[in-house]
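To keep things clear, I will list the structure first and then write my remarks on it.
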Amino acid sequence: MRRVYITGIGQTPVREHWDRSARDLAASSILQALEQAGIDKADAIYVGNALSGELTGQEQLAALIADFAGLTGTEAIRVEAAGASGGAAVRLGYLAVASGVHDTVLVTGVEKMSDLSGPAVEEALATSTDEEYEAIHGLSIAASHALLMRRYMYDYDLERRDFAHFSVNSHRNAVNNEYAMFRRPITVEAFEKARLVADPISLLDSAPVADGAATIVLCSDKAAGKRANSSVEITGSALATDAVALHDRPNPLFLRAVQESAHKAYAQAGVTPKQIDIFEPHDAFAILAALSLEASGLAPEGEGVRLAMEGEIALEGRIPICTMGGQKARGYPVGAAGVYQIVELAQQLRGDAGANQVDARVGMTQSIGGTGATAVTHILRSP
Amino acid sequence: MSLAKHWRLQQQRYRLIGVQCEDCGAKLLPRRLVCPQCKSHNLQPYSFKGQGMVYSHTVVYDAPSGYDGYVPYPAALVRLDEGPLVATQLTDVDIDEPYIGMPVEMVTRRLREHGESGMIVYGYKFRPKLKD
C-alpha cells in the first residue's frame, strides 16, 4: 500500500445558502482545494452526499459536479451512507490512492438542505433508519437518538442538563471558525430551556440542517513530491457496519461499528487511543458523541458524558473534540460533514487552526450513518 | 404510495410474527434469513405474544411528513417477554405517563394516512397493560 497525503483543502461557509445550489457549493470547494494543491485536474472525484435525490430531486450528482467544476470527463461517483457519506467518500478516495489505481483524487462532500422545510427534511433524514420497522412508526432521527439518550440517563443516573457540555463546547469552538454556522456561545441554562424536538433531545442538542460543501485533494507520495513533507498524512482508514435498526442490536448503547472501525484504524496507524491528541466525533446529537467516545476507547463505558462534564473535551482538555464547532455548531450538511471533519483536522495538524489551535500530532475523525449503522474512522498525522 | 410494501408485511404488522432459530433457539423479530447468533439458515416462523416492558421512551414534537398531524406522540423501544426489542408508538397513554419498565401490550392501531383519499396504514402499537 502507498502512503496517502492531503495536499489541498477547500470549504464553503456552512449556512442556509438560498442563492446557491449543490453543484455551485461543491464546485467552489473543489476549485479552492485544487488551487491549494497546485493542480488543475484529478484522476477521480468521490462525492459524499446523503440526500440529493430526496431533498433536491437531483441524482447522478457526481457527474453534474465534475462538469460544473470544469472537470468534464473525469471519473466521478457519488457515495451514500447517510450521515457517514462524507467519511465513506474519503475512505474510497483513500483506497483508490493507497492501492495504486489513482495518483491524485478529489473527495468532495456536499449537501443542499434548505430547499425543503421542517417535516419534509425530517422525512428525508429518517431514511437513514430502518424504513419498515422504525420510520413507519413515526420515529424521526432525533427520536431514535432520544431513545438512546433516555436509556443512557436511566442506566448511568444522569440528567438532561448533564449533556449540555457537548453543545457548550462546540458552540464555544465555533466562535473562531469563520466557516461555522453558529458563531456564538451558549450556556447550560439555555440548553436546559431549549424547545424539545424529541424528549429528552432539544434544539440545542441537535446539529442544525444546513447547506455546505468541503473538498480534500488526496495524493500518493509520488504525486505529492516535495509537498509530502509539508502535508498531513492519512495513516489509518477503516469502515464498519452494524444493524441499521436499534432493536436489531444486542445492546443499543454500544456502538459496535464505531468500535470496529476505530480499532482497525488504530491498528493500521500503529497508535493506541491514548495517543490521539484531538478527535472530531460525529456529534449530530450529544448522546452520539458520548457513545462514540466510549466505543472508541477514549472513555470507559458509561463515562462519555462525565468526560464532557469535567471539561476534558475542551481545547485545553485531555482529548479536545469538535475543535472547530463540530456538527452541532459548525453546522450539519449531512453528506458533507465527514469531509468537513477531515478539512478541520488537517487545519489543526498543519497549525492553521488560528485561535483554536491545539498542540496535536495525531488526530482522529469519525463519520457515522444513522444511529451508528455505518462508522468510518480516519487517523491523520501532522507533517 | 405502494399497497404491496405494506401488504407484504401483514404477518409482522398485524400478528408480530418473527422467526425462531431451529439450531440455537434464538427468537428474532423482525424476521431474518440468517441467525445473528449462530449463523444458521434454519429459521422458522414464530408468533410473539405481544407482551413486554418499556426499555426506553420519547415524545416526538418535530415529526416527519405524514406524522406531523399527530404531534406530540409517545414512542418507545419495548423489550418483549421473549427477548427482542421492538420500535413502536405507545397509545392509550398520556405523553408524560410512560416510564422505563412500564408493562405494555400490543394492540392494532392506525399508523398513518396518505392524505384524505389515500391509503390508511395499520399496524402494531403498544399500550399500558390492562389489568387482568
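The values are calculated or read from the model by the stated rules, or taken from the named source; none is laboratory data. Source: prediction; values computed, not measured. Every residue, glycine as well, gets a Cβ built from its backbone with ideal geometry; the counts of neighbours run over all protein chains shown. Only protein heavy atoms, including side chains, enter the accessible area calculation; ligands, DNA and RNA are left aside. Shrake-Rupley method; radii C 1.70, N 1.55, O 1.52, S 1.80 Å.
Using alpha carbon centroids, what distance separates segment A:87-118 and segment A:214-247, in Å?
If we compute the Cα centre of each part, the gap is 10 Å.
Send over the per residue convex hull volume for chain A, Cα only, as a whole number of Å³.
Given the Cα convex hull of chain A, per-residue volume reads 118 Å³.
Heads up, I need the accessible area for residue A:219: 1.4 angstrom probe, whole protein in place, Å², nearest 10.
Answer for residue A:219: close to 10 Å² accessible.
Please say if segment B:1-47 is rounded, prolate or oblate, where rounded means a/c under 1.5 for a ≥ b ≥ c the square roots of the C-alpha gyration tensor eigenvalues, and otherwise the choice is prolate for a/b larger than b/c and oblate otherwise?
The shape class here is prolate.
Which of the three applies to chain B, rounded, prolate or oblate, going by the alpha-carbon gyration tensor with a ≥ b ≥ c and a/c under 1.5 meaning rounded?
oblate
Between their Cα atoms, which of A:41/A:226; A:41/A:222; B:39/B:129 are more than 24 Å away from each other?
Beyond 24 Å: B:39/B:129.
Please give the solvent-accessible surface of residue A:254 in Å², to the nearest 10, using a probe radius of 1.4 Å with every protein chain present.
Here the residue's solvent-accessible area equals roughly 50 Å².
At 0.36 nm per residue, and after removing the present C-alpha to C-alpha distance, how many nm does the segment from residue B:95 to residue B:65 gain when stretched out fully?
8.8 nm
Report the residues of segment A:97-135 in range of a label on residue A:254: point 7 Å along Cα→C-beta, backbone N strictly under 18 Å from it.
Hits in segment A:97-135 for residue A:254 at 18 Å: none.
Take residue B:122 and residue A:178, extend 7 Å from each Cα along the Cα→Cβ direction, and tell me the distance between the two endpoints in nm.
The two pseudo-label positions are separated by 6.2 nm.
Using a 7 Å offset from the Cα along the Cα-to-Cβ direction at both residue A:381 and residue A:99, what is the distance between the two label points in nm, to one decimal?
If labels sit at residue A:381 and residue A:99, their model points lie 2.4 nm apart.
Just to be sure I understand: with springs between alpha-carbon atoms less than 10 Å apart, which residue in B:17, B:95, B:120 has the highest mean-square fluctuation in the Gaussian network model of chain B?
Greatest mean-square fluctuation among the candidates belongs to B:120.
Roughly speaking, what is the centre-to-centre gap between segment A:5-36 and segment B:1-68 when only Cα atoms are used, to the nearest Å?
Using only Cα atoms to place each centre, the spacing works out to 43 Å.
Report residue B:71's accessible area, 1.4 Å probe, all protein chains in place, as a number in Å² to the nearest 10.
My reading of the accessible area for residue B:71 is about 60 Å².
Kindly flag which residue pairs out of B:5/B:27; A:328/B:27; A:112/A:193 have an alpha-carbon separation exceeding 32 Å in this structure.
Exceeds cut-off: A:328/B:27.
For chain B, modelled as a GNM with alpha-carbon contacts under 10 angstrom, which of B:61, B:73, B:99 fluctuates the most?
Greatest mean-square fluctuation among the candidates belongs to B:61.
Given 0.36 nm per residue, what is the gain on full extension from residue A:190 to residue A:40 after removing their alpha carbon distance, in nm?
49.3 nm
Which FRET efficiency value, to the nearest 0.05, is calculated for residue B:81 and residue B:113 with the Förster distance at 30 angstrom and r the Cβ-Cβ distance?
The computed FRET efficiency comes out at 0.45.
May I ask for the accessible area buried between chains A and B, both sides summed, probe 1.4 Å, to the nearest 100 Å²?
3000
Roughly how big is the protein assembly as shown's charge dipole about its Cα centre, with Cβ charges of +1 (Lys, Arg) and -1 (Asp, Glu), in debye to the nearest 20?
Roughly 780 debye, rounded to the nearest 20.
Hey, what's the Cα Rg ratio for segment A:222-356 versus the globular rule of thumb, 2.2 N^0.38 Å?
With N residues counted in segment A:222-356, Rg over 2.2 N^0.38 Å equals 1.10.
Under the Kirkwood approximation for Rh and a Cα-based Rg, what ratio Rg/Rh is obtained for segment A:174-267?
1.09
Which GluC sites (Glu not before Pro) in segment A:307-341 sit in a loop by DSSP (not H, G, I, E or B) and have at most 13 other Cβ atoms within 10 Å of their own Cβ?
Counting only loop positions with at most 13 other Cβ atoms within 10 Å, the GluC sites (Glu not before Pro) in segment A:307-341 are A:310, A:316.
Where does chain B land at 222 nm, in deg cm²/dmol rounded to the nearest 500, when only DSSP H runs of n ≥ 4 count, each adding -39500 (n - 2.57), divided by all residues?
One gets -1500 deg cm²/dmol as the mean residue ellipticity at 222 nm.
When the helix-only estimate is applied to chain A (DSSP H runs of n ≥ 4, each -39,500 (n - 2.57), divided by the residue count), what is the mean residue ellipticity at 222 nm, nearest 500 deg cm²/dmol?
Result for chain A, helices only: -10000 deg cm²/dmol.
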